[in-house]
1. Do the conditions hold for Met48, that is, is it surrounded by 10 or more Cβ atoms within 10 Å (Cβ to Cβ) and part of a helix (DSSP H, G or I)?
2. Of Gly59, Gly24, Gly65, which residue is within 33 Å of the chain's Cα centre (by Cα), part of a helix (DSSP H, G or I) and surrounded by 10 or more Cβ atoms within 10 Å (Cβ to Cβ)?
3. Quick one: would you say Val54 is assigned to a helix (DSSP H, G or I) and at pLDDT 90 or above?
Amino acid sequence: MKDMKNMLRIVGILLLGMFVLVVGIPLVLAAAGVVLSGLGVVVGIAVMLIKLAVVIAVGYLILVGLRAVLR
């Protein structure tokens, strides 16, 4: 009877491990994908802001140059 109890415990642990492999790992990978895509959005916004800052800086330099030429 004790051997049967130990065997059922081992089978239960194996089934739990298989459940974690089949269900848990895809969930973790999906969550990591969401986090990485969110990080990609943040990086994209940062790149867009840098591009906007460069355009504004170039426009400012052109205006200052024109002002200096017209004086």
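The values are calculated or read from the model by the stated rules, or taken from the named source; none is laboratory data. Just so you know, these numbers come straight off a predicted model, no measurement behind them. Positions of Cβ are generated from backbone atoms using ideal geometry, with glycine treated the same way; all protein chains shown enter the neighbour counts.
1. Criteria met by Met48.
2. Gly24 is the lone residue from the list that is within 33 Å of the chain's Cα centre (by Cα), part of a helix (DSSP H, G or I) and surrounded by 10 or more Cβ atoms within 10 Å (Cβ to Cβ).
3. yes
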